[in-house]
C-alpha cells in the first residue's frame, strides 16, 4: 500500500498557446474535410466516378 495519500502522477497544466494551437489545427482540419466533402463527396462515397465530369 502507498505510504502517503498523494497521487504519484502529477500532470502539469497545459500552456494556453498549446491549447489554442491544438484547437486551431483541429478546427482547420474539420473545415478542410467538410470543404472537400462538399466539393467531391459523391466521388468519395462511391456514388459517382471521379473521372465523370
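The values are calculated or read from the model by the stated rules, or taken from the named source; none is laboratory data. Everything numeric here is computed off the predicted structure, so don't read it as measured data. A quick note on method: Cβ atoms are made from the backbone with ideal geometry, for glycine too, and the neighbour counts reach across all protein chains shown.
Yes/no per residue for (1) modelled with pLDDT of 95 or more; (2) more than 30 Å from residue 51 (Cβ to Cβ); (3) touching a helix residue (DSSP H, G or I) at 6+ places or on another chain (Cβ under 8 Å); (4) exposed (fewer than 10 other Cβ atoms within 10 Å of the Cβ):
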{"site": "1", "(1), (2), (3), (4)": "no, yes, no, yes"}
{"site": "6", "(1), (2), (3), (4)": "no, yes, no, yes"}
{"site": "10", "(1), (2), (3), (4)": "no, yes, no, yes"}
{"site": "19", "(1), (2), (3), (4)": "yes, yes, no, no"}
{"site": "29", "(1), (2), (3), (4)": "yes, no, no, no"}
{"site": "33", "(1), (2), (3), (4)": "no, no, no, no"}
{"site": "41", "(1), (2), (3), (4)": "no, no, no, no"}
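Which one is modelled with the lowest pLDDT among residues in segment 43-53 that are surrounded by 10 or more Cβ atoms within 10 Å (Cβ to Cβ) and not in a loop (DSSP other than H, G, I, E, B)? Across segment 43-53, the extreme among qualifying residues is 44.
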